[in-house]
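The values are calculated or read from the model by the stated rules, or taken from the named source; none is laboratory data. Everything numeric in this text was worked out from a predicted model, so none of it was measured. Every residue, glycine as well, gets a Cβ built from its backbone with ideal geometry; the counts of neighbours run over all protein chains shown. Side chains included, ligands, DNA and RNA excluded: accessible areas come from the protein's heavy atoms. Shrake-Rupley method; radii C 1.70, N 1.55, O 1.52, S 1.80 Å.
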Amino acid sequence: MTLQLKSLHPVFGAEASGIDLTRPLAPADVRAINKAMNEHAVLVFRGQPLTAQQQIDFAQSFGPLDIGLKRVFKRPERLADERLIDISNVDAQGNVAKRDSPKNLSNFANQLWHSDSSFMNPRAAYSMLHCVIKPSWGGNTEFADLRHAYDTLDARTKAEIQDLKAEHFALHTRILLGDDAYTDEQKKEIPPAVWPLADTHPGSGRKVLFVGVHARQILGWPTAESRMYLQDLLEHATRRENVYVHEWQVGDLVIWDNRSTLHRGRRYDVAERRELRRTTINDTPEAMLLAA
């Protein structure tokens, strides 16, 4: 079968079917998914009961995998392969984590609008999140289209941001949430990355408003003015009419492009078990070659 798409939102996002992700992808399937991602930015595959290895194999079809903040935290992990990012409230021993645990701090940080690894260079291209166990309520993931956000800016703001760049810092969200116990060595491990506010998506060629909570400073601006302006831009990008809300079902695999979207998790009862696995690929020349 070939890839089939059904629109999920007036602006972006599509439900994808016709490809079994538990099996190795043919080159034609990879090309079809890349083409769909360039158009829709978010694809939802339902009913894909992937094992951990199958998810890794699928992700590697699109480029080299990124381990994100694991290079900084170096904490014990319950998932054996470091290329799997454990988006859960489960500790290394397999128990539901305490409310004030480092694991849940990461979960709360995920509830802020962000692009995965925008604080790195190369940054993340695709993220792929697979639902294993869902709670009885909440825990949705919301997505916002940064291409549409740029398109709907007023002319004055478009002109103003053309030459502006923002610094993205990995620990900015953690510090915002009151977690500032990081050593100088940890901070040096993952230095800030700088990206244009008016960026261009490499796959579609469309302009994007590249903002998010990891962006802490506009280069050359005073900090207070910089952060208020970034907040205004973020509010514009995440207006409700620009947001797709994904309600998880067990077996879902959702792929999104971090270069053209923002996302955030939503609140749920952290005393209830919730397990998702994420794989993320870097925006590298190898990934771009596969996307061609």
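Determine which single condition Gly178 fails, assuming it passes every other condition in (1) open to solvent by 70 Å² or more (accessible area, probe 1.4 Å); (2) within 28 Å of Ala271 (Cβ to Cβ); (3) free of Cβ contacts under 8 Å to residues at least 60 places away in the same chain; (4) not aromatic (Phe, Trp, Tyr).
(1)
Within segment 90-111, is even one residue at pLDDT 95 or above and of a type in the set (Phe, Trp, Tyr)?
no
Please return the ranges of strands (runs of 3 or more DSSP E) entirely within segment 210-287 where 2 or more residues are charged (D, E, K, R) and within 16 Å of the chain's Cα centre (by Cα).
Here the list reads 275-282.
Would you mention how many residues in segment 69-102 are in a helix (DSSP H, G or I), closer than 25 Å to Ser260 by Cα and in contact (Cβ under 8 Å) with a residue 60 or more places away in the chain?
1
Quick check on this structure: which one of His236, His172 is within 24 Å of Phe143 (Cα to Cα) and modelled with pLDDT under 95?
His172
Check whether at least one residue in segment 154-165 is over 18 Å from Arg264 (Cα atoms) and at pLDDT below 95, and report yes or no.
No, segment 154-165 contains no residue that is over 18 Å from Arg264 (Cα atoms) and at pLDDT below 95.
For Leu105, all conditions in the list (1) in contact with a Ser or Thr (Cβ under 7 Å, 6 or more places away or on another chain); (2) in contact (Cβ under 8 Å) with a residue 24 or more places away in the chain hold save one; what is the number of the exception?
(1)
Testing Tyr150 on (1) in contact (Cβ under 8 Å) with a residue 24 or more places away in the chain; (2) at positive phi; (3) of a type outside the set (Lys, Arg), one condition comes back false. Which one is that?
The number of the failed condition is (2).
Would you call Ala198 small (Gly, Ala, Ser) and surrounded by 15 or more Cβ atoms within 10 Å (Cβ to Cβ)?
yes
Which of the residues belonging to segment 244-263 are open to solvent by 10 Å² or more (accessible area, probe 1.4 Å) and of a type in the set (Val, Ile, Thr)?
If the condition is that a residue be open to solvent by 10 Å² or more (accessible area, probe 1.4 Å) and of a type in the set (Val, Ile, Thr), then Val245, Val250 are the ones that fit.
Any residue at all in segment 103-120 that is surrounded by fewer than 16 Cβ atoms within 10 Å (Cβ to Cβ) and either in contact with a Pro (Cβ under 7 Å, 6 or more places away or on another chain) or of a type in the set (D, E, K, R) (or both)?
no
All but one of (1) over 28 Å from His148 (Cα atoms); (2) in a loop (DSSP other than H, G, I, E, B) hold for Gly63; state the number of the condition that does not hold.
(1)
More than 22 Å from His246 (Cα to Cα), loosely packed, with under 13 Cβ neighbours inside 10 Å and of a type in the set (Val, Ile, Thr): is that true of Thr51 in this structure?
Taking the combined requirement at face value, the residue does not satisfy it.
Would you mind stating whether Ala28 is open to solvent by 30 Å² or more (accessible area, probe 1.4 Å), closer than 17 Å to Leu276 by Cα and not aromatic (Phe, Trp, Tyr)?
Answer is no for this residue.
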